[in-house]
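Presented below is the structure to which this report refers.
The values are calculated or read from the model by the stated rules, or taken from the named source; none is laboratory data. As the structure is a computational prediction, the values presented were derived from the model and not from experiment. Note: ideal-geometry Cβ built from the backbone for every residue, glycine included; neighbour counts use all protein chains shown.
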């Protein structure tokens, strides 16, 4: 078996056993990146020299028996995480020359566990998008079919893991940006409970919705990485002050008796047959594994999309005000006065989707509209969250398709913002409620993967991993890999 | 109620920004020290680098709780932060973290003393926490401005009064009261010239007896008590003049020019001030446990009002004297130390408000830098009380203490300034004076009572001022009768 | 939901984003479409509902009042567009905001 075909867990074992070195593994990935990524465009920055240095240090630790928990595993970081002295662009012209002066807590956590960082992955600009077509650094291609999108905003992380250019990658999810690309690229993507992963150093889009997570090829792999990333961070006031459990502890335990809820509002939607059938098959698999299937209701879940598209833009309109050409980042040429500096820097530095969302957000917060839009949306958010609280009184997990369809062709939806927003109808509710969600492969249609999503109750990532892992023990969908030429 | 131009009254509200004297900033661990080189106290959080997040300084909560108590206000728990959005180069995030609903302090009041001795209650609507902005420097950069973010993120508490102030004098009394409180609580040094206390005045006018509020203007850039008074006076007169000329008042922000003693409108765009406040998502609601509040209040010093009352009762001082001495915490402490030493509160008060104040003012010194310590002043007064020296001589001793720094007994000894209290000595001096002045004696005995003073003066001269005046009087009276 | 030209201009100014004349109409159309989405919220009954600002039901932690950051000016100004004598330079600022 080729090195890149091994799972992260297998690679870790291989390194521990001395079957191969981290330098070998890292070089192998770097070679693949130079061969295949020109077309895929999943990386913005490849940090070849430092990766090889890190691999070398890792090998030395293995030799002297001082190996760290994830020592030598080559991963990639979504370019939304600040990495000290390394270009951190957030997929935007605004930060196209920005070398971060510090590293995100997540980056530090993983580095202290010994990972090798291959580089920074491409993404939709400022994490706004579902197709990775808004990046200043060009679109990313889906390794399954290069005419198709990998999903977004973590399209680069998804494409590079799917094309086996890294063992796994970090990513972020505000409305589905981990789970939707996972589904479109045949990967397992986890968005943990809000507050589980520190947001310090994770460039902010919508503060009360953003969460860092993982894109990997299996539930087990993603659990391993998530555990290293998670934990309380005093630098992030919204970080949970809870111990990080061993996410793998119960992963092998059978899920007999676990109650899985199917929200009728989701299943009543008009969906393509292949989505319906693959989801149905997944449900059957769970029945075979001994889970109990219940119909539940999330009566207010249809409010999620408008709620999200008020709250996220409102928060982002403020979070992105700092990009003004004064202290770092892009600055327009020859500003004639202060106003010109702001107006032109922001006109030129931001792409259209970002500008649209900033304007919508500004509008929703403006005098005269605050009550009708922002405040109303916050109240409706409470309704959506309450529905989940109620549902979790009778079930352990909630299942649904991850996306309304398989991937779509590049350019197909980029002219229609609303069409694009509909990609996230199944994923957004979990962000609003701050709940953990995982997506994993459950089928294929015309060569493109399909994903199914499980949402768990607060702090119940271990249960999600267990349910997803059991599914992956019983099926092979996650083992399918695209042919990368 | 003060009336202006015969038929107008003024409605004034003050917004006072107080810089809190913490070691580190409100939301970051950078230093708040004054006077550092530009941008050497601005960490990545203060610079609004991508990805940074705010973490709350616990000391500001203690300071706000104490202030709330001193303002007779409610402490809100939970209390939350909000974003106030606007663009300006000294505001790195493009929003200021402030408080909107549920500010930490709400619904208080302050009783101020007016010039005629009466008190007036001014409502305090709220006091809320917020971060300070940086500074813009305009010289030396050929058409550009230089931004220094050292001050960015320094904690402020903004105290908002109800519009219950009705004259410039009342405004100053209120401002001085706040100043006294924040210094007492040691939460700020309240230095208006340096900007650690800033005052904005909202002013409107209306006809006496009217219920409706006039359009108000906000006046900024007043950095002393005196200027606050003058700026408000100017603005009141300007508004009255405008209305009487048939014009309307524009709601706007105006800047005070201290040299010209005028205000003028600030040049900002309309609709530029929609701040789009919304709850700060990076900070959770702050819960102040009862035990925390209790412990904090236990650490509160005695406040000016309480101290004043105690001075009146314990030391039998007049309200006026007590008020003056209690206004400044350091002065009050000095007074009590002097009294402790001298055992005479009245004399201590007099000397502090008289001679000592004069010297301090002359040399522009603060009580903490007084060249005569409280103990030393106390001893001086003791020597008056025990008749070692007369009150008149004491003034000379005081001056010598101030300039030399020597102890009172040392100076009395060295200069031989002891009072003459030996009766026989005084008797002989009195006899001598009477013998040497037969004409005046004759005139006195024939009815010119005024000449008694002449004899007193001569005896004092004879004794080089050292004779005890009371004894001189007594003995003279007796001798002259003979 | 209609958005007037005036409103769009005002919002663009509040957000300090210049919109060139040519892009104006299409942007306006796109925004109006998004605003239509929001109509859905009108039917929701929210009178007794408390607004949700945070998914966590927790309270704010604090940090001790200690200086923990040292002078990092050189590093932090490395990527600045325009710096002189340690100050960030911008076109001349005429009047103060708050």
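Some points to look at:
- Across the range B:74-85, the qualifying residues are those that are at the interface with another protein chain (Cβ under 8 Å from one of its Cβ atoms) and in contact with a helix residue (DSSP H, G or I) (Cβ under 8 Å, 6 or more places away or on another chain), and the one among them that is nearest to residue B:19 (Cα to Cα) is B:83.
- Of all residues in the range A:350-368 being touching a residue at least 40 places away in the same chain (Cβ under 8 Å) and away from chain B (no Cβ under 13 Å), the one that is surrounded by the most Cβ atoms within 10 Å (Cβ to Cβ): A:354
- Residue match in the range B:279-296 (condition: within 26 Å of the chain's Cα centre (by Cα) and at pLDDT 95 or above): yes
- The range A:408-440, subset part of a loop (DSSP other than H, G, I, E, B) and within 17 Å of residue A:175 (Cα to Cα), residue nearest to the other protein chains (Cβ to nearest Cβ): A:434
- Complete set of residues in the range B:174-197 that are under 19 Å from residue B:10 (Cβ atoms) and surrounded by 21 or more Cβ atoms within 10 Å (Cβ to Cβ): B:174, B:175
- All helices (runs of 4 or more DSSP H) inside the range B:331-403 with 3 or more residues being exposed (fewer than 15 other Cβ atoms within 10 Å of the Cβ): B:357-362
- Residue that is nearest to residue A:432 (Cα to Cα) [pool: residues in the range A:369-378 that are at the interface with chain C (Cβ under 10 Å from one of its Cβ atoms) and surrounded by fewer than 21 Cβ atoms within 10 Å (Cβ to Cβ)]: A:375
- Among the numbered conditions (1) surrounded by 13 or more Cβ atoms within 10 Å (Cβ to Cβ); (2) within 30 Å of the chain's Cα centre (by Cα), the only one that residue B:421 does not meet is (2).
- Of everything listed in (1) in contact (Cβ under 8 Å) with a residue 60 or more places away in the chain; (2) surrounded by 22 or more Cβ atoms within 10 Å (Cβ to Cβ); (3) part of a loop (DSSP other than H, G, I, E, B); (4) touching a helix residue (DSSP H, G or I) at 6+ places or on another chain (Cβ under 9 Å), the single unmet condition for residue A:177 is (1).
- Test: residue in the range A:143-161 that is more than 17 Å from residue A:109 (Cβ to Cβ), in a loop (DSSP other than H, G, I, E, B) and within 14 Å of chain B (Cβ to nearest Cβ): no
- Among (1) within 30 Å of residue A:107 (Cβ to Cβ); (2) touching a strand residue (DSSP E or B) at 6+ places or on another chain (Cβ under 6 Å); (3) in a loop (DSSP other than H, G, I, E, B) - the single one residue B:72 does not satisfy: (1)
- All told, residue C:93 meets the bar of being facing chain A (nearest Cβ under 7 Å), within 29 Å of residue B:86 (Cβ to Cβ) and either in contact with a helix residue (DSSP H, G or I) (Cβ under 7 Å, 6 or more places away or on another chain) or crowded, with 18+ Cβ neighbours inside 10 Å (or both).
- Checking residue B:88 against (1) closer than 20 Å to residue C:77 by Cβ; (2) more than 14 Å from chain A (Cβ to nearest Cβ), the condition it does not meet: (2)
- Exclusive hit being under 30 Å from residue A:335 (Cβ atoms) and either in contact with a helix residue (DSSP H, G or I) (Cβ under 6 Å, 6 or more places away or on another chain) or surrounded by fewer than 16 Cβ atoms within 10 Å (Cβ to Cβ) (or both), set B:132, B:111, B:140, B:148: B:140
- All positions within the range A:254-265 that are touching a helix residue (DSSP H, G or I) at 6+ places or on another chain (Cβ under 7 Å) and in a helix (DSSP H, G or I): A:265
- Test: residue B:38 is within 7 Å of chain C (Cβ to nearest Cβ) and either crowded, with 24+ Cβ neighbours inside 10 Å or out of contact with any helix residue (DSSP H, G or I) (no Cβ under 7 Å at 6 or more places or on another chain) (or both): yes
- Summed over the range B:217-253, the residues that are in a strand (DSSP E or B) and within 30 Å of residue C:17 (Cβ to Cβ) give a count of 3.
- Failed item, numbered, when residue A:260 is tested on (1) touching a residue at least 12 places away in the same chain (Cβ under 8 Å); (2) under 24 Å from residue A:401 (Cα atoms); (3) out of contact with any strand residue (DSSP E or B) (no Cβ under 7 Å at 6 or more places or on another chain): (3)
- One residue from B:214, B:146 being in the same structural domain as residue B:90 (by TED's automatic domain parsing), over 18 Å from the mean Cα position of the chain (by Cα) and part of a loop (DSSP other than H, G, I, E, B): B:214
- Qualifying positions in the range B:420-451 - touching a strand residue (DSSP E or B) at 6+ places or on another chain (Cβ under 7 Å) and not in a helix (DSSP H, G or I): B:420
- Conditions (1) part of a loop (DSSP other than H, G, I, E, B); (2) in contact (Cβ under 8 Å) with a residue 60 or more places away in the chain; number of the one not met by residue A:109: (1)
- Being at pLDDT 95 or above and over 25 Å from residue A:183 (Cα atoms) is a property that does not hold for residue A:276.
- Applying the set (1) within 7 Å of another protein chain (Cβ to nearest Cβ); (2) surrounded by fewer than 21 Cβ atoms within 10 Å (Cβ to Cβ) to residue B:30 leaves exactly one unmet item: (2).
- For residue B:65: the one exception among (1) at the interface with another protein chain (Cβ under 10 Å from one of its Cβ atoms); (2) touching a residue at least 40 places away in the same chain (Cβ under 8 Å); (3) surrounded by 22 or more Cβ atoms within 10 Å (Cβ to Cβ): (1)
- Residue satisfying all of: in the range B:52-62; touching a strand residue (DSSP E or B) at 6+ places or on another chain (Cβ under 6 Å) and either away from chain C (no Cβ under 11 Å) or free of Cβ contacts under 8 Å to residues at least 60 places away in the same chain (or both); surrounded by the most Cβ atoms within 10 Å (Cβ to Cβ) among these: B:55
- Every condition in (1) touching a residue at least 60 places away in the same chain (Cβ under 8 Å); (2) on the phi < 0 side of the Ramachandran plot; (3) in a loop (DSSP other than H, G, I, E, B) is met by residue A:234 except one, and the failing one is (1).
- Which listed residue is farther than 30 Å from residue B:205 by Cα and in contact with a strand residue (DSSP E or B) (Cβ under 8 Å, 6 or more places away or on another chain), from B:157, B:104: B:104
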